[in-house]
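First the structure, in the form of structure tokens, and then the observations on it.
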Amino acid sequence: MAEEPPEPPAPPPKKPELLNSGRLTLLLAGVMGTLLSVLVSGFIFLNLIESSRLQSNDQMVAIIDNLQSRLNNLDSLINILQIVMHTTDKVTPEDFERLAKKLDPYKQLTSGIYWVAQTASGYEIHNAYGNNMDSEKLLALFTSNVAVQQARAEAAAGRLGIVLNVPSQLLGTEQNVAAILILATTNPSGLSNFVVAVVPELFPQQLQNGSDYVSEIRVTMPARESSVSLFDEHAKASLLNWLPQQTAERSLTMGNQHWQVTLLMSEIGTQFLHLLAPLFILMAGLGLTYALTNYLAMYQRRQARVTAMATSLEKTNRELKNRIVERDQIAETLRNNEREFRAVIDRVSDVIFETNAVGAMAFVNASWTFLSGFDIRDTLTKSLFDFVHETDRQNLQTHFNQTLSGEDSLRKHEVRILRKTGGFRQVEIGLRSLRRTGFATIRVVGTMTDVSERRRQEAQLREAEQKYRAMVENSVAGIFQCTPDGRYISVNPAFAHIMGYSSPAELVAQVRDIRQEVYYHSEQWDLFVTRLREEGAITEHEIQVRRSNGAVIWAAINARAVRDEDGNALYFEGTMENITRRKEAEMALRTAKEQADLANRAKSEFLANMSHELRTPLNAIIGFSEIIKDEMFGPVGRPDYVEYSKDIHASGTHLLELINDILDVSKIEAGKKEINESLFDFGNVGAAALRLVKPRADGGKLTLISDIPPNLPQIWGEELAIKQSVLNMLSNAVKFTPEGGSVTLSARIESDGRLKVTVADTGIGIKEEDIPKVLVPFGQVDSALARRYAGTGLGLTLVISLVELHGGEFKLESVFGKGTQAIFYLPAERVVQPGQEPPKNAPKGKPSATDITAMPIKDLYAEEAMAAPAA
């Protein structure tokens, strides 16, 4: 910027002519006045000098503060550009231009912002704004000027590079450039990028013209150990020739550098005041008043300008700070949004990626590592096609090229993606093009969906479908689906075969109305549909159906209703089985059973009639044999006849007992046996039973033991039935206990209140597998010992029936070769404690023994061959 030369100082006034001698008095008076004016002028001059110094000092402070404020704003602007340039290597010249114009929209801080990018062949310059600069000359200055090279080296070292007072002819501008600020960043390739800010008016124009006290500004940079003067030599010479000078020094800070600023300020000259001494004498009062008034007015105007300037700078500074704070908040919000967006993207199960126009991966979310096993940092240095199976690359490349050309499609392609651990994963890839405003390059974004599990499930589903289809096709049971209005939807071959058709298609095509054409009884179809709608499913629904040839067969159907979301029956499905043979067998069996029942009833009636018929002659035989045996009408004569009569009496008595047992069991099985309940003492019952078996025990040299407590409660039941049960148990025990053994009868009240009666012997015992055999009517186990006494095998059967009639329970425990325990329990309700009333409704039961009337008559008289207590 060219400086205008200051105006030359006014020539000194001419000296007044000497007064003549006639006017000595006037001269003395003038001298005296002059002396007086000199004193007054000196006093005023001294005061003026002091005020000038104070004012110049205030102006210097204001200038330095103004400079520091502007430098701070410049520092903020350049730091923001440095942060942006340093943060990412994806900033384009267009991005840089928009950012610079947004940060300094009115170009208040600089008149030019440039981006100088270092390349392998040199430097390239990009203009953000500042069209009045010659970019080629600025680039030449940037590469060849010594001061600029020194500043560039400082910028590359991490400090702020400063170039002051650049001549206008070097840049092709109309005025000198007061400052060039250079800031450096380094891109990932190791090359440097420089931000150049041009400031033509770093210092106010009036300072450079030498007015307002300041005659020179000198800036010293300690880092370079040199100083630069901002005024040219001509200006300094013309000013310093006649103006007194004083020096003031201040410090300024720019970035991480400190400058020493020296200001040379002029003092007011005393020669001019001496020339005006006569005028001050003549116009002392008015002139002094006018001078002071004018000075005060000028001072106020200057103060007003300084205040306005300071206010404007403060407002500008505040606005810049607010903008910086807003931009920081926006940047922080953007960073937070970016983190949240990245967190959301990383949580997506599908892989989301971005590539450039040649397929190089520029972005991929965290699901990529889970899918392929490759680290994201390693992936971003490779191409998408490097991870695709070689046989799938061509199809994917075609899809990729179509996407770049603008043919976006929602269709996805299946490819195989390489895994880090080896092998491939089947994925679906969808691609879309991305065109961003202001960018010439096209990006491609896409998604990868892992379909390996889906393909495996589809294969399993196909396999299962084939398997179940084979099962349905090859099933021997008929499987069908039909509508509620009576049409078949589908059937399997077995169903068509059952119905007499050659194929399922033939059946479905020919049968139009199941109710009329299939069901032999059409009302059964109505019942079938009603039950399925109400119950949802039916089983073993037996019907008669017509085959294609008109033959009627029996079928069993299992079916269920398939419903929609509202519960309406859509169709029925189920199975059908041909049960014609089974139904014929059931009918034959039913006929045979009816015939068997008729024969059994006839046999039972015959057996009952024969039993009664046998008892009458037996009574006569027993009675007359007893008369002969006892010789009631005199001696017989021959002792042999007496013995024969004893045998006839014993055989008849035994036969009568057998017939009585058969009649009792028959009566119980027929449900005609009723018990006559009363209170009785079980101790008496047990003693009586022991007395009855004692002769037989003595004959077998056995010991009978009674273990019945004397204070046993009374029992509510039929005394004769309980006595017969105990007697049968004792008889069995005596029968199957060898000589020298023992038989014990015991009775106890259990903890639950039941009466437990036990007959234990030390006999031959029963094998475990034979116990169920001896508990059925006529059940016997062959044993030579059992032949000592005859029997029918109904003893334990009668005990079980009589005990169950009382609501009791019978158990048989035995160890082969060691002995047997026959136990029965009477319920607690039949045990009457002293002072207690007999129960009104004692528990009763029904015997569960087999109906003996169904046995062949020859088995009733078969010789007993039994080795267990089942008399």
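For segment 365-492, what is the accessible area per residue in Å², given a 1.4 Å probe and the full set of protein chains?
Working: 7660 Å² over 128 residues.
Per-residue accessible area for segment 365-492 comes out at 60 Å².
For ALA592 and THR119, the difference between the fully extended length at 0.36 nm per residue and the C-alpha to C-alpha distance is 159.0 nm. In a DSSP loop and with at most 13 other Cβ atoms within 10 Å, the trypsin sites (Lys or Arg not before Pro) in segment 688-742 are LYS701.
Under the classification rounded if a/c is under 1.5, otherwise prolate if a/b is larger than b/c and oblate if not, where does segment 332-484 fall, given a ≥ b ≥ c as square roots of the Cα gyration tensor eigenvalues? Because a/c hits 1.5 or more and a/b exceeds b/c, segment 332-484 counts as prolate.
Taking 0.36 nm per residue of separation and subtracting the current Cα-Cα distance, fully stretching the chain between ARG691 and LEU570 would add 35.6 nm. Inter-label distance, VAL562 to ARG546: 2.8 nm, where each label sits 7 Å from its Cα along the C-beta direction.
List the GluC sites (Glu not before Pro) within segment 676-783 that DSSP assigns to loop and that have no more than 15 neighbouring Cβ atoms inside 10 Å.
Working: sites: GLU677, GLU718, GLU719, GLU739, GLU750, GLU768, GLU769; in loops: GLU677, GLU718, GLU739, GLU750.
Here the GluC sites (Glu not before Pro) that fit, given the DSSP loop and packing criteria, are GLU739, GLU750.
A simple spin-label model places the labels of GLU319 and ASN127 2.6 nm from each other, with each point 7 Å out along Cα-to-Cβ.
Magnitude of the Cβ-charge dipole of segment 314-443, K/R +1 and D/E -1, about the Cα centre, nearest 20 debye?
Details: 22 positive and 19 negative charges, 40 e Å.
I would put it at about 200 debye.
Maximal additional length on extending the ARG411-GLU739 stretch stands at 107.9 nm, based on 0.36 nm per residue less the C-alpha distance. At R0 = 25 Å, how high is the FRET efficiency between ASN356 and ASP378 if r is their beta carbon distance? Nearest 0.05 is fine. Efficiency at R0 = 25 Å is approximately 0.90.
Looking at segment 92-151, the trypsin sites (Lys or Arg not before Pro) that sit in a DSSP loop and have at most 16 other Cβ atoms within 10 Å of their own Cβ are LYS107.
Give the calculated FRET efficiency between LYS101 and GLU136 to the nearest 0.05, with a Förster radius of 30 Å applied to their Cβ-Cβ distance.
Details: r = 22 Å, r/R0 = 0.75.
About 0.85, to the nearest 0.05.
As a calculated quantity, the FRET efficiency between ALA650 and GLU584 at R0 = 51 Å, using C-beta atoms, amounts to about 0.35.
Note on ASN841 and VAL344: the model spin-label points, each 7 Å out from Cα along the C-beta direction, lie 7.5 nm apart.
The values are calculated or read from the model by the stated rules, or taken from the named source; none is laboratory data. Since this is a predicted model, take the numbers as computed values, not measurements. Cβ atoms come from the backbone with ideal geometry, glycine included; neighbour counts cover every protein chain shown. Just the protein is used for accessible areas: all its heavy atoms, side chains included, with ligands, DNA and RNA removed. Shrake-Rupley method; radii C 1.70, N 1.55, O 1.52, S 1.80 Å.
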